[in-house]
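Structure record follows, encoded as structure tokens.
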Amino acid sequence: MDFDALLLLSFGGPEGPDDVMPFLENVTRGRGIPRERLASVAEHYLHFGGVSPINGINRAVIEQLRGLIDLPIYFGNRNWAPYVEDAVTAMRDDGVRRAAVFTTSAWGGYSSCAQYVEDIARGRRAAGENAPQLVKLRQYYDHPLLVRMYADAVTAAAQTVPADARLIFTAHSIPLSAQNRCGDRLYQRQVAHAAKLVAAAAGYTEYDQVWQSRSGPPQVPWLEPDVGDHLSALASAGTKAVIVCPIGFVADHIEVVWDLDHELREQAEAAGIAFVRSATPNADLAQVAAALLDELRNGRPPERVVSADQPELQGFSTDGVLCTPACEASARPSAGSR
């Protein structure tokens, strides 16, 4: 396929204290989240001056991409400026006819994939007549480049803690009611598979895979075990050091820098456990985006780490059309991974 441009499509984040509450209102619109709950989450952002790391990281991804591909690059978000609607409208005005779309989520599932497809459709509607064709690049949870990035980060982190440190992989939890929206437990199967690949690449035969950052009423069941509960169990069992790999995040969201670097680290220190969090790909994600684009431009099959029991690979779609009937996008869940 030939392309005129690439669109980096992401979640978005506030870039100052005045942005925080409007941003959270965008994220939770239609979900009936109490104002006091939003105010509590706002404190996480305000701890960092009201700035989420994600927009700055995405700009760094774009800068790295400029040296890897020969296309103009646009940037759009779901929940904060620059919005996807404005990005697609600018592409139309610039005469872009067909653009590849790279999303900052490697996974299947509603919030990880199908909601980005909805974003693409919304952006095209906003652009109206002569909106460019938008081709969403596939999921990439088992791409060799991504697996190597996580594995190298785990290896580097391991140099800072005792040799018997327990390796823990964590990803954003989702409600159990949302787990089959795009296939039978697709998201958790992909996360578990990626954890297995990264552990093997980093030389680990034993590890744990858990969940984090659940929200909503406590009576609503989400994927478990929670990373905090798991750390408590490890402490009770005598574990003295942990390496936490946020495999569910391709970049440093607030769920990484607050939930892990701040809250989980404090919990570990209080329990006398040496703690290190391995790095996410961040700006190096540009290499994965360039590789996925190259696959389409040259008609090559998807590059994946070869392994038994690989979960299905989805996510390739055009113009906001869902790639599989299993993605039941009409029934929006209460929250999800990103």
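Scanning for something at pLDDT 95 or above, in contact with a strand residue (DSSP E or B) (Cβ under 7 Å, 6 or more places away or on another chain) and among the aromatic types (Phe, Trp, Tyr), does the stretch 158-178 turn up at least one residue?
yes
Regarding GLY95, is this residue closer than 30 Å to GLN190 by Cα, part of a loop (DSSP other than H, G, I, E, B) and assigned by TED's automatic domain parsing to the domain that holds GLN310? Talk me through it step by step, then tell me what you get.
On the way: closer than 30 Å to GLN190 by Cα: no; part of a loop (DSSP other than H, G, I, E, B): yes; assigned by TED's automatic domain parsing to the domain that holds GLN310: yes.
It is false that GLY95 is closer than 30 Å to GLN190 by Cα, part of a loop (DSSP other than H, G, I, E, B) and assigned by TED's automatic domain parsing to the domain that holds GLN310.
If you scan the stretch 262-285, which residues turn out to be under 17 Å from the mean Cα position of the chain (by Cα) and either over 21 Å from SER111 (Cα atoms) or surrounded by fewer than 19 Cβ atoms within 10 Å (Cβ to Cβ) (or both)?
ARG277, SER278, ALA279, ALA283, ASP284 - these are the residues of the stretch 262-285 that are under 17 Å from the mean Cα position of the chain (by Cα) and either over 21 Å from SER111 (Cα atoms) or surrounded by fewer than 19 Cβ atoms within 10 Å (Cβ to Cβ) (or both).
Within the stretch 179-201, can one find any residue that is in contact with a Pro (Cβ under 7 Å, 6 or more places away or on another chain), touching a residue at least 24 places away in the same chain (Cβ under 8 Å) and of a type in the set (A, V, I, L, M)?
Scanning the stretch 179-201 turns up at least one residue that is in contact with a Pro (Cβ under 7 Å, 6 or more places away or on another chain), touching a residue at least 24 places away in the same chain (Cβ under 8 Å) and of a type in the set (A, V, I, L, M).
Name the residues in the stretch 4-43 that are of a type outside the set (Gly, Ala, Ser), outside any helix (DSSP H, G or I) and modelled with pLDDT under 95, would you? Lay out the reasoning, then the answer.
First, pick out the residues of the stretch 4-43 that are of a type outside the set (Gly, Ala, Ser): 4, 6-9, 11, 14-15, 17-29, 31, 33-38, 41, 43.
Checking the rest, the ones that are also outside any helix (DSSP H, G or I) come to 4, 6-9, 11, 14-15, 29, 31, 33-34.
Across the stretch 4-43, the qualifying residues are ARG29, ARG31, ILE33, PRO34.
Give me the residue from the stretch 207-220 that is outside any loop (DSSP other than H, G, I, E, B) and of a type outside the set (A, V, I, L, M, F, W, C) and, out of that set, farthest from the chain's Cα centre (by Cα). I'd like the intermediate steps shown before the answer.
Our first condition is that a residue be outside any loop (DSSP other than H, G, I, E, B); within the stretch 207-220, this holds for 208-212.
Subset that is of a type outside the set (A, V, I, L, M, F, W, C): 208-209, 212.
Details: ASP208: 20, GLN209: 16, GLN212: 13 Å.
Here the answer is ASP208.
Would you confirm whether or not the stretch 126-145 contains a residue that is farther than 24 Å from TYR207 by Cα, buried (at least 24 other Cβ atoms within 10 Å of the Cβ), among the small types (Gly, Ala, Ser) and in contact with a Phe, Trp or Tyr (Cβ under 9 Å, 6 or more places away or on another chain)?
No - not one qualifying residue is present in the stretch 126-145.
From the list SER236, SER307, which residue is modelled with pLDDT under 95, loosely packed, with under 15 Cβ neighbours inside 10 Å and among the polar types (S, T, N, Q)? Steps first, please.
Details: SER236 fails: modelled with pLDDT under 95.
From the options SER236, SER307, the qualifying one is SER307.
How many residues are of a type in the set (D, E, K, R) and in a helix (DSSP H, G or I) if we restrict to the stretch 221-270?
Narrowing the stretch 221-270 to residues of a type in the set (D, E, K, R): 224, 226, 229, 240, 252, 255, 259, 261, 263, 265-266, 269.
Next, from what is left, pick out any that are in a helix (DSSP H, G or I): 229, 255, 259, 261, 263, 265-266, 269.
So the answer is 8.
Are any of the residues in the stretch 135-151 in a loop (DSSP other than H, G, I, E, B), of a type in the set (Lys, Arg) and out of contact with any Gly (no Cβ under 7 Å at 6 or more places or on another chain)? Outline the logic, then answer.
Narrowing the stretch 135-151 to residues in a loop (DSSP other than H, G, I, E, B): 137-143.
Pick out the ones that are also of a type in the set (Lys, Arg) and you get 138.
Those left that are additionally out of contact with any Gly (no Cβ under 7 Å at 6 or more places or on another chain): none.
No, the stretch 135-151 contains no residue that is in a loop (DSSP other than H, G, I, E, B), of a type in the set (Lys, Arg) and out of contact with any Gly (no Cβ under 7 Å at 6 or more places or on another chain).
Check PRO132, PRO82 and return the single one that is without any contact (Cβ under 8 Å) to a residue 40 or more places away in the chain and assigned by TED's automatic domain parsing to the domain that holds ALA289.
Values: PRO132 fails: without any contact (Cβ under 8 Å) to a residue 40 or more places away in the chain.
None of the other options fit; the residue is PRO82.
The values are calculated or read from the model by the stated rules, or taken from the named source; none is laboratory data. Since we're looking at a predicted model, the values are computed, not measured. Cβ atoms come from the backbone with ideal geometry, glycine included; neighbour counts cover every protein chain shown.
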